[in-house]
Amino acid sequence: MVAERLRNLRRERNQTKRDLVAQLPLNYSTYANYESGFREPNSEVLQLMAGHFGVSIDYLLGVSDNRKKADEVAILNDDEHEHIMKYRQLDGHGREVVEVVMLKEYERAQAVKADEAQESKLRDGLVELPVYQQRASAGLGNYLSDDSDDDYEIMQFESTQVSRGADFCITIKGDSMEPKICDNDIVFVKAVPRIDPDSVGIFVYDGEAYCKRLRVDYEKGAIYLESLNKAFASKEIDQPENLRTVGLVIGIAERG
């Protein structure tokens, strides 16, 4: 029930999971597990989510279908009571004006909170980057998609010159790039439309994603995606027009 109600409340606001976690002190994978039902939020998270969506914890748990607690008005302070009484005396036009201003101010306040949360993480020496779930192959190739709402998670890494220069990370599958890059390593990637020959990058060719070194044979006029591990053959690019450079690998984020 919690998973369903979190999902419905988020969709009512036309938010993706990534939009939501940007406003809260939660990482993407943790929240995604709440919505999928693989993980149950504790009391602290329930309180956080109830406050964010403006509903009661009982509603999130499915104990009640009423979004508000029966005694919720009783906890309002005097100023809040006065504002409500004034609002009830407005005509339709007045209420519409108040609601427009309130919505704009709410969105501004949420954006300020999100910025403050990001600044706090930077002060703590952390960098947040998306880590793609569908792995780029250092072997036979694997399709790399960026259309799904669930194809990556946000992870935190130590703030360094390399991590700050990265646009995203991706997990490597296979051992054809050993010893430099190993199976299950997570690499930092800088998104660029092209890289220099002899550089290691992430490429998509005929719908398959690869982590390889780019090699150009100028005498033959041939392009190869080259493996560092000599036990693996390089892949010749027969149709260069179908080769797309996703980015330049600039470092190892996490060893597998």
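The values are calculated or read from the model by the stated rules, or taken from the named source; none is laboratory data. All values reported here derive from a predicted model rather than from experimental measurement. Neighbour counts are summed over all protein chains in view; Cβ atoms, including those assigned to glycine, are modelled from backbone coordinates with ideal geometry. To get the accessible areas, we keep the full protein, side chains included, count just its heavy atoms, and leave off ligands, DNA and RNA. Shrake-Rupley method; radii C 1.70, N 1.55, O 1.52, S 1.80 Å.
What number of residues within the range 167-182 are open to solvent by less than 10 Å² (accessible area, probe 1.4 Å) and either outside any strand (DSSP E or B) or under 18 Å from V192 (Cβ atoms) (or both)? Let's see the steps before the verdict.
Applying the first criterion (open to solvent by less than 10 Å² (accessible area, probe 1.4 Å)) to the range 167-182 yields 169-170, 172, 176-177, 181.
Now narrow it down to the ones that are either outside any strand (DSSP E or B) or under 18 Å from V192 (Cβ atoms) (or both): 169-170, 176-177, 181.
Of the residues in that region, 5 qualify.
Would you check if D196 is at pLDDT below 90, acidic (D, E) and open to solvent by 70 Å² or more (accessible area, probe 1.4 Å)?
no
Can you name the residue in the range 22-60 that is over 17 Å from A114 (Cβ atoms) and touching a residue at least 60 places away in the same chain (Cβ under 8 Å) and is also most open to solvent (accessible area, probe 1.4 Å) among such residues?
It comes out as S29.
Take the residues in the range 92-106 that are more than 39 Å from the chain's Cα centre (by Cα) and open to solvent by less than 100 Å² (accessible area, probe 1.4 Å), then tell me which one is nearest to Q23 (Cα to Cα).
G94
Do you know which residues across the range 235-256 are touching a strand residue (DSSP E or B) at 6+ places or on another chain (Cβ under 7 Å), over 15 Å from C182 (Cα atoms) and surrounded by fewer than 16 Cβ atoms within 10 Å (Cβ to Cβ)?
Within the range 235-256, E236, P240, N242, R244 qualify.
Picking from P25, P41, which residue would you name as being in a loop (DSSP other than H, G, I, E, B) and more than 19 Å from Y152 (Cα to Cα)?
None of the other options fit; the residue is P41.
Tally the residues that are part of a loop (DSSP other than H, G, I, E, B) and either within 16 Å of R10 (Cβ to Cβ) or out of contact with any Lys or Arg (no Cβ under 8 Å at 6 or more places or on another chain) (or both), restricting the search to the range 44-56.
So in the range 44-56, the residues part of a loop (DSSP other than H, G, I, E, B) come out as 54-56.
Filter once more, so that each one left must be either within 16 Å of R10 (Cβ to Cβ) or out of contact with any Lys or Arg (no Cβ under 8 Å at 6 or more places or on another chain) (or both): 54-55.
Of the residues in that region, 2 qualify.
Which of the residues belonging to the range 1-35 are in contact with a helix residue (DSSP H, G or I) (Cβ under 6 Å, 6 or more places away or on another chain) and within 20 Å of L103 (Cβ to Cβ)?
Passing the criteria: L9, R10, L20, A22, Q23.
Is it the case that Y210 is aromatic (F, W, Y) and either open to solvent by 30 Å² or more (accessible area, probe 1.4 Å) or over 30 Å from V127 (Cβ atoms) (or both)?
no
Hey, could you check the range 12-21 for residues that are part of a loop (DSSP other than H, G, I, E, B) and of a type outside the set (K, R) and say which is surrounded by the fewest Cβ atoms within 10 Å (Cβ to Cβ)?
N14
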